[in-house]
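Taking it in order: structure first as structure tokens, then the write-up.
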Amino acid sequence: MASSTDSALQAPSDEGNTTVRSRPLAATVILVLGIAGIVFGLMVSVSVGAADIRLATVWEAVFRFNPELPQHQVIRELRIPRAAAGALVGACFAVAGAIMQGMTRNPLADSGLLGLNAGAGVGLALAFAFAPSLSFAYIMLYCFLGAAVASLLVFGIGSLSHSGLTPLRLTLAGAAVSAMLLAVSQGIAILFSLSRDIAFWMAGGIGGASWKQLQVISPWVAAALTGALLLSRSITLLSLGRDVAAGLGQRTGLVQIAGMIIVVILAGAAVSTVGPIAFVGLMIPHITRYLVGVDYRWIIPCSAVLGSILVLVADIAARMINAPYETPIGALIAVFGVPFSIYLASKRKGELK
């Protein structure tokens, strides 16, 4: 680890005179236990559904697949891609939120609250309306473009003031752009009779995930997560303030551009697969920072692990609460996300000015 980052991490925090440090031991424990938890969660997710399947059968379907057995077919073709998609998009939302909070120093930054999810929704609505026969790869491209346009609008509007971009202006711009883009996507849905398709997607759910979708998004997600890890040291310095980062030799503008490209890829891939599930990218980075400290070299991988676990657990609960019907996982996560965001805004309102 570079000495400049380590010395910066030992500087006094913004909230007082206490020294802020990273906790590598806690982060290592989270990563080890979290990966084990993801493996166990994947197995439970595959076994739970309209018809419960024993874990032993899941094991047999994975390692001794028999195409003549209906349960093995269900596990391979439906439940494994669904569980894998849940873990993947959970990591995407959580890492995207962590990067945005670090770069903007905004405790409420999240791909949903800052308009990226709504932008991806407009892209999806346009794809459904004007090119319904497009393959998933092109639909995902529409979502990428929608998320990119939304991010430009949010940062552009938030920067119009003479005093520049502040966390409060960024949050307000994100709320305004999200509301506008949501209205646009709903208008397109009504105009082209897509209300049912858009409503199902907006509720957030992993039930429609397939191997084809995973094959399309996996390379993008892998590249974006790798980029996030490579950028983690620079994000750590940027989270301490632009002046601090510039003083330590960081090219802050380049770091922010690279970070936003990564966020757009992560948010676009996740939203195109499961819909605009909010609050994962808001809650998980804060929980992770509380556990491992402020070093984004630990925050990013730990956020990915914890985000995967959250979405997997929510998806399992969605199938059990009102079986055999499914509850949208976006609604389940919002049950905890809304009070968390209210608590966060009231506790840290001074940081938004």
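Please give the peptides 113-121, 81-89 ranked by average Cβ packing (other Cβ atoms within 10 Å per residue), highest first, as a rough proxy for protection.
Numbers: 113-121: 30.8, 81-89: 24.9.
Result, highest mean first: 113-121, 81-89.
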#### Entry: Apportionment of accessible area to carbon and sulfur, the stretch 73-207, percent (1.4 Å)
71
## Note on the structure
Among the DSSP H helices of the chain, those whose Cα atoms extend at least 20 Å along the helix axis and whose mean Kyte-Doolittle hydropathy is -0.5 or higher are 24-47, 80-104, 116-130, 136-158, 167-191, 211-239, 252-274, 296-320, 329-347
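Looking at the chain, which longest stretch skips every one of the chymotrypsin sites (Phe, Trp or Tyr not before Pro) that is in a DSSP loop with at most 15 other Cβ atoms within 10 Å, leaving the sites themselves out?
Longest run free of exposed loop sites: 66-324.
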### Task
Add +1 for every Lys or Arg and -1 for every Asp or Glu among the other residues with Cβ under 12 Å from the Cβ of residue 57, and state the total.
+2
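Show me the three semi-axes of the equivalent ellipsoid for the stretch 218-353, from the C-alpha gyration tensor (sqrt of 5 times each eigenvalue), largest first, rounded to whole Å.
30, 19, 12
State in Å² the accessible area per residue of the chain; use a 1.4 Å probe, count heavy atoms of protein chains only, and round to the nearest integer. Display every interim value, and only then the final one.
On the way: 16380 Å² over 353 residues.
Result: 46 Å² of accessible area for each residue.
When Lys and Arg each count +1 and Asp and Glu each count -1, what net charge do the other residues less than 14 Å away from residue 214, Cβ to Cβ, add up to? Kindly include the intermediate steps, with their values, before the conclusion.
On the way: positive: 76, 79, 82, 212; negative: 77.
So the surrounding residues net to +3.
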### Task
Using only the Cα atoms of the chain, construct the convex hull and provide its projected area averaged over every direction, in square nanometres to one decimal.
18.4
### Query
What's the extension gain from residue 159 to residue 244 if we count 0.36 nm per residue and subtract their Cα-Cα distance?
28.5 nm
### Query
In a solvent-free Debye calculation with one equal scatterer on each Cα, what is log10 I(q)/I(0) for the stretch 106-158 at q = 0.13, 0.23, 0.25 Å⁻¹, listed in the order of the q values?
-0.33, -0.77, -0.86
### Task
At a 1.4 Å probe radius, which order do 103, 180, 320 fall into by accessible area, largest first?
320, 180, 103
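Grab the other residues whose beta carbon is less than 15 angstrom from that of residue 92, score K and R as +1, D and E as -1, and report the net. Numbers along the way, then the final one.
Working: positive: none; negative: 110, 315.
Its environment carries a net charge of -2.
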### Message
Explain nothing, just the number: relative contact order of the chain, from Cα pairs under 8 Å at least 6 residues apart, as a whole percent.
### Response
30
### Query
Roughly speaking, what is the centre-to-centre gap between the stretch 27-88 and the stretch 105-125 when only Cα atoms are used, to the nearest Å?
30
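The values are calculated or read from the model by the stated rules, or taken from the named source; none is laboratory data. No experiment lies behind these values; they were computed from the predicted model shown. Note that each Cβ is placed from the backbone with ideal geometry, even for glycine, and that neighbours are counted across all protein chains shown. Ligands, DNA and RNA are excluded from the accessible area calculation, which covers all protein heavy atoms including side chains. Shrake-Rupley method; radii C 1.70, N 1.55, O 1.52, S 1.80 Å.
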